[in-house]
Amino acid sequence: MERSFVMVKPDGVQRGLVGEIVSRLEAKGLKLVAARFEKLPEARVTEQYKEHLSKPFFPGLKTYIMGGPVFLMVWEGRNVVAIVRKVIGATNPQEAMPGTIRGDFGIDIGRNVIHASDSVESAAREIGIHFKADEVCTYTRIDESVLYEY
Ligand code: UDP
Ligand code: MG
């Protein structure tokens, strides 16, 4: 089953949105298989965002992500990577559709509440940065037989 790495960023934690975000992903039918609440060390922030190292917004992004605790999660489900990207909405909350997490809860691009992997490959890489293999749980959710058509 496909997996995605999802993180409630420090602004989302401070604004009390952890429960709402977990709720939306659970209600969609996705399965939570790992989670941790912590303040990220610099090395893991840099590794997480290494594609953006040379971008002008990188220093601000690093300060933002290290500014407080984050809620790290791994979610599992059929086509989960693409589904979660749709549920979170466009990077800039002002362009994100109402009904998406960023569309409903954010305003500035540099305070956009949540991160989610953008491909199956980056999901595997990001999960590996933040979780050991034995921290990701394998289990069957009781509703899976009615959630999926086949
Ligand atoms: N970001 C920013 N300014 C920008 C572009 C990105 O502050 O002009 C931040 C923002 O927090 C974003 C993160 O950098 O979520 C990673 O950017 P990316 O383009 O990968 O967007 P995402 O995959 O998060 O939608
Ligand atoms: Mg990205």
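The values are calculated or read from the model by the stated rules, or taken from the named source; none is laboratory data. Everything numeric here is computed off the predicted structure, so don't read it as measured data. Because the Cβ atoms are built from the backbone with ideal geometry, glycine has one as well, and the counts that use them run over all protein chains shown. Ligands, DNA and RNA are stripped out before the accessible areas are found, and what is left, the full protein with its side chains, is counted by its heavy atoms. Shrake-Rupley method; radii C 1.70, N 1.55, O 1.52, S 1.80 Å.
A compact table of results
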{"read-out": "Among (1) within 15 Å of ligand 1 (Cβ to nearest atom); (2) not in a helix (DSSP H, G or I) - the single one C137 does not satisfy", "value": "(1)"}
{"read-out": "Options S122, S117; residue that is touching a Ser or Thr at 6+ places or on another chain (Cβ under 8 Å), among the polar types (S, T, N, Q) and closer than 22 Å to R36 by Cα", "value": "S117"}
{"read-out": "Residue check, F37 open to solvent by 50 Å² or more (accessible area, probe 1.4 Å) and part of a strand (DSSP E or B)", "value": "yes"}
{"read-out": "Number of positions in the range 103-113 that are closer than 10 Å to G12 by Cβ and either within 8 Å of ligand 1 (Cβ to nearest atom) or modelled with pLDDT under 95 (or both)", "value": "2"}
{"read-out": "Hits in the range 116-150 - residues which are modelled with pLDDT of 95 or more, of a type in the set (A, V, I, L, M, F, W, C) and open to solvent by 50 Å² or more (accessible area, probe 1.4 Å)", "value": "V120, A124, A133, C137, V146, L147"}
{"read-out": "Some residue of the range 22-31 being free of Cβ contacts under 8 Å to residues at least 40 places away in the same chain and within 17 Å of R102 (Cβ to Cβ)", "value": "yes"}
{"read-out": "Sole exception among (1) more than 22 Å from R141 (Cα to Cα); (2) of a type in the set (A, V, I, L, M); (3) free of Cβ contacts under 8 Å to residues at least 60 places away in the same chain; (4) more than 14 Å from ligand 1 (Cβ to nearest atom) for L61, by number", "value": "(4)"}
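Table: residues versus (1) farther than 18 Å from F5 by Cα; (2) part of a loop (DSSP other than H, G, I, E, B).
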| position | (1), (2) |
| --- | --- |
| E51 | no, no |
| T63 | yes, no |
| A90 | no, yes |
| R102 | no, no |
| G128 | no, no |
